[in-house]
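Below is one structure; the comments refer to it alone.
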Amino acid sequence: LYLKIDFNFLPKIIYIDFEKAIHNSVKCIWPNICIKGCRFHICQSRWRKIQSLGLPSQYSNNDYIRQYLTYIFGLSFLNTLEVGDMFSVEHAAIQPLDNKITQFADYLVNTYISEDSIIPPRLWAEKVRAFSAQPMHVNLFIANLIAILSLRILIYLNLSKS
């Protein structure tokens, strides 16, 4: 049927799972397509790692660990080029001193953060236009302001303890 109607379906971008076989198949059919990973799947993968390290109880009981792990999930909403700096500077500044958190941070660098990682930021990080739309909706402005101030206060508190 596709050949009979001479239909040219040439998508520019596709959001798919992170399995290499799917990526290879898509690139075989559409060599010039931009592949992006699904945010649901990356969050699911990170949560599984948190569980495998035994961090859910610490997540529930320790405010600093909860805050740190929560911020990790926000990396998906950054521009690709901002991910490495945000993780190595801002997240490192608030990283709790905990062996399991260090293991998790190492896993993130090797799997997602580094440009040489298995799933580099270009596949999963994408700045959301709605967050920077002009004029910004008042609720987005307030949410962004609270997030920025919360992060700055947390960093300040952690640095002042040192």
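Bear in mind that the values in this text are calculations on the coordinates, not laboratory data. All figures in this text were calculated on a predicted structure; none of them were measured in a lab. Every residue, glycine as well, gets a Cβ built from its backbone with ideal geometry; the counts of neighbours run over all protein chains shown.
Structure above, values below:
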{"item": "For ILE33, distant residues with modelled amide H under 5 Å away", "result": "none"}
{"item": "Ranked packing of 89-99, 23-33, most packed first, by mean Cβ within 10 Å", "result": "89-99, 23-33"}
